[in-house]
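Structure first, then comments.
The values are calculated or read from the model by the stated rules, or taken from the named source; none is laboratory data. Given the structure is predicted, the values throughout are model-derived calculations rather than measurements. Heads up, the Cβs are rebuilt from the backbone with ideal geometry, glycines too, and the neighbour counts pull from every protein chain shown.
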Amino acid sequence: MSNTTVKQKRTALKVKSSKTLNVSSGVFRVNQSITKTINPSISGKSFSSASDSKVLDKSLAQTPKHTVQVFDEHGQDVTPHPLYNPDPGVLQPKQGKIFPAHDTSWTTMTDFPSVAFQTTNASFTGPFTKSFFGSVSASRTSQTTESVTDETKELLVKPDLSSSLSDVQARREEVKEQVREDIMDRVVDSYLTETETIWLLDIPAVSVSEDSGDAEAVKERNNAYTELCKNRHGNDKYVERSMQTFNDAPKTKEVQSDSITMVDKAVMSTTWDMYDSFCNKADVSENTVVSAEGNKATVPDSSSMSHLLNPSGLDQSMSVFSTTSTVSGSSAHLEKMTCVLPVEEEPDLELILQSDKFKKDLAVMERVVLANIFQPKLAAYRQLPVIEDPDYVQTQIEEESWTEQSKNSLSPFLEHLWAFKCELTKGRNVSSMTWNKKNPDLLAVGYGQLDFKDQKPGLVCCWSLKNPTWPDRIFHCESGVTALDFSACNANQLSVGLYDGTIAIYNVQTTEQTPIIDSSDCANMHACPVWQLRWVDHDTGLAGEDKGEMLISVSGDGRISKWIHYKGLECVDLMKLKSPNMIVNNQRWNPKILSLAPGLCFDFHPNDSKIYLAGTEEGHIHKCSYSYNEQFLETYKAHTGPVYKVTWSPFCPDVFLSCSSDWTIYLWRQDLSKPVLGFTSGQKVVFDIMWSPHCATVFGAVREGKVEIWDLRVSSLDPTIVSASSPGVNPTALLFTPETDCVLVGDSEGQVTVYKLKNLSAGDSTQVEALEDVIRTTLSSQHTLGKTDRDA
Amino acid sequence: FNGGWQTSLRSPVLGDMVTLFTFCAEVEDTLKRIQGINGVIGTIVVNAEGIPIKTTLDNSTTVQYAGLLHQLTMKARSTVRDIDPQNDLTFLRIRSKKHEIMVSTDKEYLLIVIQNPAE
């Protein structure tokens, strides 16, 4: 509203006569034609009036002049007053520019209200300028009274001005009154100075006085103009003429474009996708660093990656090239890329199949597949409930055998679970078995002939319970393996004793065939087969360099040696197994010539690691001390053949067992020089014995053709369980499992069979007292027998 | 079966192209062993796009298994990673009435073994 009223106001406040086109100020535009359809709201019409004014500037004389007035029924002029007076001070600079630039001035006019508003609101000079303005226009109105058309405008102006004037005056008076009241008595010095002349409004006159020199010229010009206006009618010079443009014939033109193929593209943004792109941004910068270092391993990897991105065709090789160039970033690598590119399929396949990850996955997969098959057996081994396969339909035959066994379930028996065997081990003799100290699922088996004849290269296999069909590690040895032991401190070290007397230590973490260290360089190495190896931890009571774990071996050359891994394997003799017969019986023999009895086995006391037993080929068992390597502490003579194994009882500290090729197993107590009990069953050589780690009265024995489990609580005359092996196959090694109630039997055909002890009434406790009871009763009965003998 | 000559593969110069074409014996042995296990119907190795690169089954069955399992593995992997983007799918096992399909997954390949465990 205000905008438009401003315009209206401006048009109303026209300063000069309509006859002259010299519009002094753009604001005071001559608005000649105002449409008749005027309504009280002047605002709407002001726009049209504004537009019309441009047109009318050109044809001023012709158009009829309309006025903006509103009269009520009484003839009173009730035209609404414009609400706003533009600031004349702002208008001043525009005077010169009006004529050429109508539009610009028009636009500037629109700026005025905002400017003027501000100025009127802010400045105190506003009212003064208005009054001035009013006075100017008032003077002008007096000047332009001639023009009829102006009058009505002036009418509009006047009431407004008077009101503004009155407003102004009212304000002025107010101010004045205030001053009088406050400063009535004061003497006020007022200094009057003349300021510069500030031109607020300069409107050149449009009329010239009669007396001036120009009057004549002006008059002439005016007259000429009126003549011109008169002559316009009917003058040939001024002809109305209309023009019509030619309309060309329309022509349709068709254009056809290629069909726009629409492709649906969808993107799914997932959490991991965003995470990946975030990580890859960081990785790309890393890759450039890595490849710039010349790591050639990344080259085929990146080629495979890029190959995966662009699988189709060699024509894409350029883009492949570029992507790899961003990743690798060194020219040497790029050359290699071009070499690899032509063979697109192969690297991809090769790289996958050779990657370590693939190997690992294959191994896992193998175990998974086998687990499906062996699950019931493994569950039985681990003493877990065996879950029946719901989809598994038992065949008739299996059901029968199952029911048979269940019928005999009261008596103890060995349940065959599975056998570790593979092609590699076929036909080899199992010589020794040992569990890994750290991983109870890992089993090391040594294959080697124990006889002097038909010696062949030995084999050590590390089997995992999870894969009974193929060993995890295979180590080929030059000669037959006769002894094995895992270290307890470094659980990955496996010491292997060979038939030729060499001791080698392997690292089972790798698949390398060479041992970490070998004793073949040692000057003192054994000349005869190493029959037993043991890692012994001498924590108790020893000072200096003897602390820690040590490898101790017994060999057929009659020495028990301690091996130290210093620069190579160095050995120190702990004991020389002198043959006591020689010393006792043949005193005339030169004592300097010492003959040593071949040692076949030894065992350190579980509690006191200084004491150990050693069994010889002559049938003697010597109790020796670690720190005393000249003489034996004691000798136990009972066996008539080579003593193959001697073991302390893990529960009773004084009791030990020994087995020999004279078909006997003897139970000794270390303070008695005669065995307490002897076990024989048949005339078969006993190859191996072992105490059960769970029950003090149970031990297992391996004879030619039979596996026996003895339980001394049940009977000391007969084995509790006897399991005959298939004919031609001899079980040669026995191993109890430390955690479950299973027993492993190795035989001469290369199989290691796992049996579960069933229905062996183990009970909760270790039955140490039971064993001691048995011994006591036996001793007492012996004693009584002895007594009766003497009595008799 | 040491795999010691793998180092030559890592620097492919034109002259060493020949070595690229031979497989690692250890991998071959293991694959053969798996195939020889009682009850295993087939083994398939699929690359990252779902194209089978090694198989012991006939062509149509291989293509079918590879395509379907590839999609399923993608979906399973997406599920696992949506829950935790730092996690990743390693193994997928589908037990059906007749068979068990085991898929060992990796970013670059899929190892599929189909077994009939009842035998």
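Does B:T55 count as more than 9 Å from every other protein chain (Cβ to nearest Cβ), surrounded by 12 or more Cβ atoms within 10 Å (Cβ to Cβ), within 18 Å of A:Q354 (Cα to Cα) and of a type in the set (S, T, Y)? Judged against the criteria, B:T55 is a match.
Screening A:G728 with (1) in contact with a Phe, Trp or Tyr (Cβ under 7 Å, 6 or more places away or on another chain); (2) surrounded by fewer than 22 Cβ atoms within 10 Å (Cβ to Cβ); (3) part of a loop (DSSP other than H, G, I, E, B) gives one miss only, at (1). Among the residues of region B:66-87, those that are out of contact with any strand residue (DSSP E or B) (no Cβ under 8 Å at 6 or more places or on another chain) and within 9 Å of chain A (Cβ to nearest Cβ) comprise B:S78, B:V80, B:R81, B:D82, B:I83, B:D84, B:P85, B:Q86, B:N87. If you check B:D29 against the conditions, is it closer than 23 Å to A:S355 by Cβ and either at pLDDT 90 or above or facing chain A (nearest Cβ under 10 Å) (or both)? So B:D29 passes the test.
Taking first residues from region A:350-378 that are more than 7 Å from every other protein chain (Cβ to nearest Cβ) and on the phi < 0 side of the Ramachandran plot and partners that are charged (D, E, K, R) and assigned to a helix (DSSP H, G or I), the Cβ contacts under 8 Å between residues at least 6 apart in sequence or on separate chains come to A:L351/A:D301. Residues that are modelled with pLDDT under 70 and either assigned to a loop (DSSP other than H, G, I, E, B) or of a type outside the set (S, T, N, Q) (or both) occur at least once in region A:182-200. Anything in region A:443-458 that is of a type in the set (A, V, I, L, M, F, W, C) and surrounded by fewer than 22 Cβ atoms within 10 Å (Cβ to Cβ)? List them, or say none. Once the filter is applied, which keeps residues that are of a type in the set (A, V, I, L, M, F, W, C) and surrounded by fewer than 22 Cβ atoms within 10 Å (Cβ to Cβ), region A:443-458 yields A:L450, A:F452. Taking the criterion of being without any contact (Cβ under 8 Å) to a residue 40 or more places away in the chain and at the interface with chain A (Cβ under 7 Å from one of its Cβ atoms), the residues of region B:32-52 that qualify are B:R33, B:E49. Pairs linking a residue in region B:91-119 that is facing another protein chain (nearest Cβ under 9 Å) to a residue that is basic (K, R) and assigned to a loop (DSSP other than H, G, I, E, B), with Cβ atoms under 9 Å and 6 or more positions apart or on different chains, are B:A118/B:K98. Of the residues that make up region A:445-460, is at least one at pLDDT 85 or above and touching a Pro at 6+ places or on another chain (Cβ under 7 Å)? So far as region A:445-460 goes, no, none of its residues is at pLDDT 85 or above and touching a Pro at 6+ places or on another chain (Cβ under 7 Å).
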